[in-house]
Amino acid sequence: MTRTSKRMVYSTLLGLLAMLAVAGQCAAATQNTSFPVNINTAGMEQLMEVPGIGNAKAKAIVEYRQQKPFASVTELTNVKGIGDKLLAKITPYVTASGKASPGTAGKSKN
């Protein structure tokens, strides 16, 4: 094998290892939260663990529900920055009713 070929093989392997490390971290982060997350009771941190929800959208969700609690998950489209496409992505991870999200009982809303 030539030097160039060896470098390409090593570079490819290094890239694959990096991708696996990132994938493992993403999987671990997802496993830390019990899904579905209740959008009426979850804190900012729990909301941000839902794929596609960052700080700004979590804050917007909390602000919206302070005015009017969510009757259904589909009402998330009333929140700035959440459209039909994102709603479809996050629907398996959220609920608007049922059991409260773990660790939020009795806490004030952020």
Thr33 vs (1) outside any helix (DSSP H, G or I); (2) modelled with pLDDT of 95 or more; (3) not hydrophobic (A, V, I, L, M, F, W, C): all pass except (2)
Could you give every pair whose Cβ atoms fall below 9 Å, whose first residue belongs to the stretch 35-59 and is more than 15 Å from Leu76 (Cβ to Cβ), and whose second residue is among the basic types (Lys, Arg) and assigned to a helix (DSSP H, G or I), counting only separations of at least 6 or pairs across chains?
-> Met44/Lys59
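The values are calculated or read from the model by the stated rules, or taken from the named source; none is laboratory data. Owing to the predicted nature of the structure, the values given are computational and were not obtained by experimental measurement. Cβ sites come from the backbone with ideal geometry, for glycine too, and all protein chains shown count toward neighbours.
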